Amino acid sequence: MTEAPAIAVRDLVKRFGGRAVVDHVSLSVEKGEIAGFLGPNGSGKTTTIRLMCGLLTPDEGEGTVLGHNIRTEGNAIKREVGYMTQRFSFYEDLTIEENLAFVAGLYGLPRGAVAETLADLGLTTRKGQLAGSLSGGWKQRLALAACIMHKPRLLMLDEPTAGVDPKARRDFWDEIHQRAADGLTVLVSTHYMDEAERCHRINYISYGRLVAQGTVAEVVRDAALTTVVLEGLETPRAAELLRDAPGVEQIAPFGNTLHVVGRDGTALRASAERVAAETGVRMTEAETSLEDVFIQLMGASKDNMQ
């Protein structure tokens, strides 16, 4: 018998002021999976997460989280989910230990839960440090500690690594992968493409609509984009000549190179070859990146909304 997904929601809709912030979103996350949730600011990621956490009630749609109905069993969902918000939301004039003791009290956890969590997240030596004096990376670790102290079966992380340095981001993801390997399910929203590539599957939402789902390889393949790279000192001139050229949808400068992307590969190559010959830059074809795909999806979604 196939095990039910940790998250299975269908056609979720949430409106504010008559506008659909979440527009018929369907999402499935298997147990033990790290699912990425991506999209531009204001795309509906946070609202969707709150619907699935039981913090908001959908206007339309249905589904379950950890087997609990999102409409009628919000309290049961909250007990089994660890939700990490975008902003650091702890008492900055309390120590790490005092903040965790407060959270433990909310969940009715035994006295030993705080010490166990401090040790688990490597916070024991810093337990007496005021939360307000912590760096971004240590604040992130405190927030994660508070999320996992009640031993949830599912983590929902909303932009958890915003504002932290690359090493702290890498350490955080190593921690998440270890916990997923132990059976924890994770849904994480992020703006970072390298983080998206560390997820088992990704879901891209734009203007409230889910526009792409699958593994990174599947999403890149399904976008069916062609990418060429132009390299040389004349790339600024090449960029001007390529604007509005047949087949060209994106032009992104990187130093002395241009990444040129479009869906019509034949027209794109012809335009790039013509400009390369005219400017003397070198043209090569490259693999399409996840970032290229997301920029194209965001543009296409915007066009569809107009």
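The values are calculated or read from the model by the stated rules, or taken from the named source; none is laboratory data. No experiment lies behind these values; they were computed from the predicted model shown. Ideal geometry is used to build each Cβ from the backbone, glycine not excepted, and the neighbour counts take in all protein chains shown.
Of all the listed residues (Glu80, Glu62), the sole one being touching a Pro at 6+ places or on another chain (Cβ under 6 Å) and at pLDDT 90 or above is Glu80. Please specify each residue of segment 80-94 satisfying the condition of being surrounded by 14 or more Cβ atoms within 10 Å (Cβ to Cβ) and under 29 Å from the mean Cα position of the chain (by Cα). Glu80, Val81, Gly82, Tyr83, Met84, Thr85, Gln86, Phe88, Phe90, listed by residue number. Residues of segment 204-224 that are hydrophobic (A, V, I, L, M, F, W, C) and touching a residue at least 40 places away in the same chain (Cβ under 8 Å): Ile205, Leu210, Val211, Ala212, Val216, Val219, Val220, Ala223.
When Gly208 is tested against the conditions (1) surrounded by 17 or more Cβ atoms within 10 Å (Cβ to Cβ); (2) more than 15 Å from the chain's Cα centre (by Cα), the lone failure is (2). Residues that are in a loop (DSSP other than H, G, I, E, B) and touching a strand residue (DSSP E or B) at 6+ places or on another chain (Cβ under 7 Å) were ranked within segment 95-133; the one that is surrounded by the fewest Cβ atoms within 10 Å (Cβ to Cβ) is Gly128. For Gly44, the stated conditions do not hold, so it cannot be described as small (Gly, Ala, Ser), in the same structural domain as Ala212 (by TED's automatic domain parsing) and touching a His at 6+ places or on another chain (Cβ under 9 Å).
Here Ile7 fulfils each of the conditions (1) more than 23 Å from Ala143 (Cα to Cα); (2) touching a helix residue (DSSP H, G or I) at 6+ places or on another chain (Cβ under 8 Å); (3) of a type outside the set (S, T, N, Q) apart from (1). Candidates are the residues of segment 241-291 that are within 24 Å of Ala196 (Cβ to Cβ) and hydrophobic (A, V, I, L, M, F, W, C); the one that is modelled with the lowest pLDDT is Phe254.
If you check Thr227, Thr288, Thr235, Thr215 for being more than 27 Å from Gly36 (Cβ to Cβ) and either hydroxyl-bearing (Ser, Thr, Tyr) or buried (at least 19 other Cβ atoms within 10 Å of the Cβ) (or both), only one passes: Thr235. The residues of segment 245-284 that are buried (at least 16 other Cβ atoms within 10 Å of the Cβ) and in a helix (DSSP H, G or I), listed by number, are Leu268, Arg269, Ser271, Ala272, Val275, Ala276, Thr279. Anything in segment 10-34 that is surrounded by fewer than 22 Cβ atoms within 10 Å (Cβ to Cβ) and under 28 Å from Gln178 (Cβ atoms)? List them, or say none. Within segment 10-34, Leu27, Ser28, Glu30, Lys31, Gly32, Glu33 meet the criteria.
If I filter segment 192-199 for residues that are free of Cβ contacts under 8 Å to residues at least 12 places away in the same chain and surrounded by fewer than 22 Cβ atoms within 10 Å (Cβ to Cβ), do I get at least one hit? There is at least one residue in segment 192-199 that is free of Cβ contacts under 8 Å to residues at least 12 places away in the same chain and surrounded by fewer than 22 Cβ atoms within 10 Å (Cβ to Cβ). Taken as a whole, the structure leaves Val21 outside the set of residues that are in contact (Cβ under 8 Å) with a residue 24 or more places away in the chain, in contact with a Leu (Cβ under 9 Å, 6 or more places away or on another chain) and aliphatic (A, V, I, L, M).
Condition check for Ala4 on (1) outside any strand (DSSP E or B); (2) crowded, with 18+ Cβ neighbours inside 10 Å: one failure, at (2). The strands (runs of 3 or more DSSP E) found entirely in segment 145-244 that carry 1 or more residues being assigned by TED's automatic domain parsing to the domain that holds Ser89, among the basic types (Lys, Arg) and out of contact with any His (no Cβ under 9 Å at 6 or more places or on another chain) are 201-206. Taken over segment 60-85, the residue count meeting the criterion of being assigned to a strand (DSSP E or B) and on the phi < 0 side of the Ramachandran plot is 10.
Please tell me if Gln296 is over 30 Å from Asp174 (Cβ atoms) and in contact (Cβ under 8 Å) with a residue 60 or more places away in the chain. Spelling it out, Gln296 is indeed over 30 Å from Asp174 (Cβ atoms) and in contact (Cβ under 8 Å) with a residue 60 or more places away in the chain.
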